[in-house]
1. What's the number of the only condition in (1) out of contact with any strand residue (DSSP E or B) (no Cβ under 8 Å at 6 or more places or on another chain); (2) part of a helix (DSSP H, G or I) that residue 1 fails to meet?
2. From (1) in a helix (DSSP H, G or I); (2) crowded, with 17+ Cβ neighbours inside 10 Å, pick out the condition that doesn't hold for residue 49.
3. Criterion first (among the β-branched types (Val, Ile, Thr), outside any strand (DSSP E or B) and under 23 Å from residue 20 (Cβ atoms)) does residue 119 satisfy it?
4. Kindly indicate which of 70, 128 is outside any loop (DSSP other than H, G, I, E, B), in contact (Cβ under 8 Å) with a residue 12 or more places away in the chain, out of contact with any Cys (no Cβ under 9 Å at 6 or more places or on another chain) and of a type in the set (A, V, I, L, M, F, W, C).
5. If I ask for residues that are surrounded by fewer than 17 Cβ atoms within 10 Å (Cβ to Cβ) and touching a helix residue (DSSP H, G or I) at 6+ places or on another chain (Cβ under 7 Å), which ones from the stretch 102-112 would you list?
6. Condition test on residue 77, is it on the phi < 0 side of the Ramachandran plot and touching a Phe, Trp or Tyr at 6+ places or on another chain (Cβ under 7 Å)?
7. Where residues in the stretch 47-74 are over 16 Å from the mean Cα position of the chain (by Cα) and of a type in the set (D, E, K, R), which of them is nearest to residue 123 (Cα to Cα)?
8. Could you please find all residues in the stretch 74-106 being touching a Leu at 6+ places or on another chain (Cβ under 7 Å) and within 21 Å of residue 137 (Cβ to Cβ)?
Amino acid sequence: MSLNDTIQSEWGWVGFDIDRVLMLNAFGNVLFLSQDGQYWRICPEDLGCEIVATTEAEYQALLADEEFQLDWEMEKLVEVAVDTWGALPEGYSYCFKIWSPLGGEYAPDNIGMAPTAQVIGAAGNVALQIKDLPDGAEIQVKVVD
């Protein structure tokens with residue numbers, strides 16, 4: 001399954017039809033264009049997917065924004081991940097073992113590495129399952145083979 005297919009199948013419930021991936025960072029964050037011309041960002045660590053720009057001009061302004069660049073590059077976390085796991089093999093991303101909405105911390109012992117499609121797909125699957133829960137709700141995670 002292609003990355004576009006994974007994004008569509010695991011995150012399409014948010015309300016888009018993907019056109020193409022524009023950028024991918026070391027932690028599996030994705031900037032992509034939907035078929036209706038909107039620009040979206042998936043943040044697997046936050047279990048989030050949202051519109052970040054509605055026009056090419058807005059998208060270019062976002063890319064030029066210093067605060068966005070710092071957030072996108074995740075430079076310090078990438079340094080920790082490289083020190084812990086080494087360089088990324090092709091098709092892999094660093095990831096958080098426990099996502100932040102489930103109590104995971106941005107800490108070295110919570111960083112892992114996995115195939116990019118799994119990082120993005122698993123986050124979309126879990127995000128769908130918890131989307132209607134109020135903040136602070138108790139959840140039970142069951143791992144199924």
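What follows draws every value from the coordinates through simple rules; no lab data is involved. Just so we're clear, the structure is a prediction, and the values are computed from it rather than from any experiment. Don't worry about glycine lacking a Cβ; one is built from the backbone with ideal geometry, like all the others, and counts go over all protein chains shown.
1. All conditions are met except number (2).
2. So residue 49 meets the others, but not (1).
3. yes
4. Result: 128 is the single residue among 70, 128 that is outside any loop (DSSP other than H, G, I, E, B), in contact (Cβ under 8 Å) with a residue 12 or more places away in the chain, out of contact with any Cys (no Cβ under 9 Å at 6 or more places or on another chain) and of a type in the set (A, V, I, L, M, F, W, C).
5. Hits for the stretch 102-112 are 104, 106, 108.
6. The answer is yes for residue 77.
7. Residue satisfying both the conditions and the ranking: 67.
8. Result: 99, 101.
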